[in-house]
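The values are calculated or read from the model by the stated rules, or taken from the named source; none is laboratory data. Quick caveat: nothing in here was measured; it's all calculated off a predicted structure. Positions of Cβ are generated from backbone atoms using ideal geometry, with glycine treated the same way; all protein chains shown enter the neighbour counts.
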Amino acid sequence: MCIVIPILSCFEKIIFVPLLCAISLLWNTACFAATTSPTVLWIEPVKTGYLTDGSAFCDLQIRSSEPDFSVGSLRIRDSFCQHLLQKNRVLQTPLQRQEEDKPVFRVITPVYSTVTVFVNATYQNTDYMLQTQVRLLGKGYNAKTWLDAYQKYPVTTPAALSFTSRFYAIKGTPIRFQYQKTEKQISKNIGIYSPADKKSESIALSSDKTFTYKLPAAQAMKADYAKYEPRVFINTIEENNKYITLTSYVRFYDNRYNFRNLKHGLSAFLAGCLLTAAAFLWYLRRSSYHAH
């Protein structure tokens, strides 16, 4: 008996240890699948311009991290935009739906304003609040009529992500954000999604619902001020006894002031001198005055 028991014990270990590992792996996989974050949706500006009356407009479209995103599965509950005018005046206007079969919207303003766009939508049993911000320089001749019409509309205070120190994001500088009007945080971290390379990361959210995010600046002499690098910030909150996923689309631009230094200026000066000298020598060689 003293010899058989150790043998049976080893046999049990050989059988049951792999079995327990397999059960644990299946359990962790099931838990991971249950807690996997939902599809990332965001609303993105796709076109800006001017109307015949001088008003500025911006067309926006809802996009998804899923390659086979179906518009038919998306249910729009509400959409509106808030215009931040001079002297911190805020007007709220409805968001125009461009086409019924496509998630395309248009915001119009006849005055200079920073417009924050909000869209409440449901997709795959998940409630979303989509948000983005655009700056429009409207010069409409009907500005007074527009202001008189919409200043009577009530202004809501939705849960939103806002800049704490500026109205736009630049690369190479830490940008501080803050969530406002959020009742209850579900997680202490927020997700960050890059639509360009389809990569995700996370960042800690402080107790006052703020966080700081920084994108590296472009290399000297390679900055392109017309291009941008977008990010989608994702936060899940509880509001009115239901979960809402807030997604905020933000564009980060290069900033000229990041390259106003001696090294960059000296490089530009030397490059200009070399080009000038080369052009001058080429001109002397082609000039008939020096011909023999």
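Listing for the model above:
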read-out	value
Which listed residue, of 188, 198, 184, is outside the structural domain of residue 58 (by TED's automatic domain parsing), surrounded by fewer than 13 Cβ atoms within 10 Å (Cβ to Cβ), farther than 26 Å from residue 106 by Cβ and within 13 Å of the chain's Cα centre (by Cα)	198
Matching residues, the stretch 60-75, being within 20 Å of the chain's Cα centre (by Cα), assigned to a strand (DSSP E or B) and surrounded by fewer than 16 Cβ atoms within 10 Å (Cβ to Cβ)	61
Residue within the stretch 135-153 that is buried (at least 17 other Cβ atoms within 10 Å of the Cβ), of a type in the set (A, V, I, L, M) and in contact with a Phe, Trp or Tyr (Cβ under 9 Å, 6 or more places away or on another chain) present	yes
Residue match in the stretch 252-273 (condition: modelled with pLDDT of 90 or more, within 27 Å of residue 124 (Cβ to Cβ) and not charged (D, E, K, R))	no
Subset tally (residues that are of a type in the set (A, V, I, L, M) and either in a loop (DSSP other than H, G, I, E, B) or modelled with pLDDT under 90 (or both)) for the stretch 133-155	1
Where a residue in the stretch 168-179 is under 8 Å from residue 211 (Cα atoms) and its partner, wherever it lies, is not in a strand (DSSP E or B) and not hydroxyl-bearing (Ser, Thr, Tyr), with Cβ under 7 Å and at least six apart	178/209
Search result, residues across the stretch 175-195 that are assigned to a loop (DSSP other than H, G, I, E, B) and at pLDDT 90 or above	195
Selection from the stretch 156-167 of residues that are modelled with pLDDT under 85, in contact with a strand residue (DSSP E or B) (Cβ under 7 Å, 6 or more places away or on another chain) and not polar (S, T, N, Q)	167
